[in-house]
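The values are calculated or read from the model by the stated rules, or taken from the named source; none is laboratory data. Small disclaimer: the values here were computed from a predicted structure and weren't measured. Note: ideal-geometry Cβ built from the backbone for every residue, glycine included; neighbour counts use all protein chains shown. For the accessible areas, the whole protein counts, side chains as well, though only heavy atoms, and no ligand, DNA or RNA atoms are used. Shrake-Rupley method; radii C 1.70, N 1.55, O 1.52, S 1.80 Å.
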Amino acid sequence: MVLWAAAGAVALGFLVALEIAARHYGGEPGPLTNQVREVVLPPKPGPLYGGLILMMVVLTWRERFIAAGAAIGIDAVFILVRWAAGAETPEDQFFGNGALWVMLGCAVIALTRRTGGERALLLKGVGLGLLLVAGRKTGDTWLLITAKTRPTVLDPYVAAADHALGNPSWLAGRLLRASGPVPTHILDLVYAQLAVAAIVVAFHQLRDVAVERRFPRHHLVRTFLVIGLVGPAIYMIFPVVGPIFAYGPGTSGTGGVQWAVADLWPNTPPPFTSPHPVLYDGLTPRNCVPSLHTAWATAIFIHSRKGPRLLRHAGTFWLIATLSATLGFGYHYGVDLIAGVVFALTIEAALRTFDRGWDRSGLRLVAHGTVVFAALLLSYRWLPTDMARHPWVAGPLLVLAMLSVIHAYVRTTGRWESRDVPPGRPGRQRSLAKATSSANRPPAPTKLS
């Protein structure tokens, strides 16, 4: 519980710092102000109900139905009041307040009606749900700060390095255009609803919390939140907007040809001569290197491996579809995806190593991933023209660097799991244990007639 309290204090301090930075650089409210507003004002519904679902892992089924019904009922009241008052509601922001009210209500119940371990468990559940919501607000603020504090972007360097992989975003963009509206709509849905897939996998991992009255040592939500926290810091170091913004028409509301280096995406690969930083607008987030969508999809894939067959297939589909969407929509270069995979595996390895007490094998794995990730960024920045001139050397080296991290992760975690799980089939062991227990139990007294 002390660790959770310390983590909460650090998170609060970080949110306060982001609040100050958002108001200083962008003149906009930060994550704390936006969260407080959503107690009454129309919120974005997705993160709030996603947080409520995660909080429900600590509740019994009866309590879950009560919480869901209360959230829906509160939202219905808010909708009726706004309709009666004639208040304008932004599109897709009709509901969500109820979920936030229920989570806050559960926090009050934990502090006033629960004691000991039950209080701690319920507070952990509420904290997990609110962290998911705060993570979305934090991400939005981070992206605003990247746009306001990094006036120039390094897209020409990354585009030149991408020649080593054959400019996959340009190829994927043309293929997606030729495929018609159905694949485009499916990929757009997958890309936009990545958090939904994460919640499904996380809920499966945490499904026994209400029965066991404790959280597992490691789960997807931790990895998801740390990726979202650390990733934007890399954006500040390596600001890149992406192919459709730097070499294309941009998208609605941001970017555009007036800021692009040239209008080339996806038909004509960009030249790679003398890359240099270029000035870009103050609205488009510099959120390209590493690809956090790739990192999150990789984390979903990893954590779905121990689920049932349907969940494993869904995790694989979500990873492939996310990679296709990031390239096909022009949001990322190919080298971003490689960096995203390495980044996700390094974060995952660090969290699992922390749980194991920073043992030597875990430290080697984290160091390996960190060195490869740093080498990738340095090569994108300082060796892009050499990589473009020698694609048959640079391309395989990039892929091999990523594969080396994948291999090290699979090998190391496989050893961990083989040590942690006793040999033999779990079902067989349970049967033997039950039989042994029955054999050693003293005979029941005989009833005398």
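Among the residues of the range 288-310, count how many are farther than 19 Å from VAL410 by Cβ and open to solvent by less than 50 Å² (accessible area, probe 1.4 Å).
Total meeting the criteria: 6.
Kindly indicate the residue of the range 1-13 that is in contact with a helix residue (DSSP H, G or I) (Cβ under 8 Å, 6 or more places away or on another chain) and open to solvent by 50 Å² or more (accessible area, probe 1.4 Å) and also modelled with the highest pLDDT among those meeting that condition.
It comes out as TRP4.
Is the range 116-131 home to any residue that is of a type in the set (Val, Ile, Thr) and more than 17 Å from LEU54 (Cβ to Cβ)?
no
Evaluate the following for THR346: is it part of a helix (DSSP H, G or I), buried (at least 20 other Cβ atoms within 10 Å of the Cβ) and free of Cβ contacts under 8 Å to residues at least 60 places away in the same chain?
yes
Taking the conditions exactly as written (modelled with pLDDT under 95 and out of contact with any Asp or Glu (no Cβ under 9 Å at 6 or more places or on another chain)), does PHE354 satisfy them or not?
yes
Go through the range 110-128 and give me each residue that's loosely packed, with under 14 Cβ neighbours inside 10 Å and part of a helix (DSSP H, G or I).
Once the filter is applied, which keeps residues that are loosely packed, with under 14 Cβ neighbours inside 10 Å and part of a helix (DSSP H, G or I), the range 110-128 yields LEU111, THR112, ARG113, GLY116, GLY117, GLU118.
Report yes if some residue within the range 332-340 is part of a loop (DSSP other than H, G, I, E, B) and either without any contact (Cβ under 8 Å) to a residue 40 or more places away in the chain or within 22 Å of PRO232 (Cα to Cα) (or both); otherwise report no.
yes
Looking for something of a type in the set (Phe, Trp, Tyr), modelled with pLDDT of 90 or more and surrounded by 12 or more Cβ atoms within 10 Å (Cβ to Cβ) - is there at least one such residue anywhere in the range 100-107?
Taking every residue of the range 100-107 in turn, at least one turns out to be of a type in the set (Phe, Trp, Tyr), modelled with pLDDT of 90 or more and surrounded by 12 or more Cβ atoms within 10 Å (Cβ to Cβ).
For the structure I just gave you, tell me whether THR370 is of a type in the set (S, T, N, Q), within 13 Å of THR298 (Cβ to Cβ) and open to solvent by 40 Å² or more (accessible area, probe 1.4 Å).
no
Of all the residues that make up the range 208-227, how many are within 22 Å of the chain's Cα centre (by Cα) and without any contact (Cβ under 8 Å) to a residue 12 or more places away in the chain?
1
Tell me which residues, restricted to the range 14-38, are over 23 Å from VAL221 (Cβ atoms), of a type in the set (A, V, I, L, M) and open to solvent by less than 60 Å² (accessible area, probe 1.4 Å).
Listed by number, the residues that qualify are ALA21, ALA22.
Condition first: of a type in the set (D, E, K, R), open to solvent by 10 Å² or more (accessible area, probe 1.4 Å), assigned to a helix (DSSP H, G or I) and touching a residue at least 40 places away in the same chain (Cβ under 8 Å). Can you find one or more residues in the range 373-383 that meet it?
There is at least one residue in the range 373-383 that is of a type in the set (D, E, K, R), open to solvent by 10 Å² or more (accessible area, probe 1.4 Å), assigned to a helix (DSSP H, G or I) and touching a residue at least 40 places away in the same chain (Cβ under 8 Å).
Of ALA314, ALA262, which residue is in a loop (DSSP other than H, G, I, E, B) and over 19 Å from ALA339 (Cβ atoms)?
Exactly one of ALA314, ALA262 is in a loop (DSSP other than H, G, I, E, B) and over 19 Å from ALA339 (Cβ atoms), namely ALA262.
(1) open to solvent by 50 Å² or more (accessible area, probe 1.4 Å); (2) hydroxyl-bearing (Ser, Thr, Tyr); (3) touching a residue at least 24 places away in the same chain (Cβ under 8 Å): which one isn't true of SER179, the others all being true?
If we test SER179 against (1) open to solvent by 50 Å² or more (accessible area, probe 1.4 Å); (2) hydroxyl-bearing (Ser, Thr, Tyr); (3) touching a residue at least 24 places away in the same chain (Cβ under 8 Å), just (3) comes out false.
Could you check how many residues of the range 71-91 are under 18 Å from VAL40 (Cβ atoms), of a type outside the set (S, T, N, Q) and assigned to a loop (DSSP other than H, G, I, E, B)?
Of the residues in the range 71-91, 4 are under 18 Å from VAL40 (Cβ atoms), of a type outside the set (S, T, N, Q) and assigned to a loop (DSSP other than H, G, I, E, B).
Quick one: which of VAL209, VAL196, VAL190, VAL201 is more than 18 Å from CYS288 (Cβ to Cβ), open to solvent by 40 Å² or more (accessible area, probe 1.4 Å) and among the hydrophobic types (A, V, I, L, M, F, W, C)?
Matching residue, one of VAL209, VAL196, VAL190, VAL201: VAL196.
Is at least one residue of the range 86-93 in contact with a helix residue (DSSP H, G or I) (Cβ under 9 Å, 6 or more places away or on another chain), open to solvent by 80 Å² or more (accessible area, probe 1.4 Å) and touching a residue at least 40 places away in the same chain (Cβ under 8 Å)?
yes
Return the total of residues in the range 65-85 being under 26 Å from the mean Cα position of the chain (by Cα) and either open to solvent by 30 Å² or more (accessible area, probe 1.4 Å) or more than 15 Å from MET55 (Cβ to Cβ) (or both).
Count: 1.
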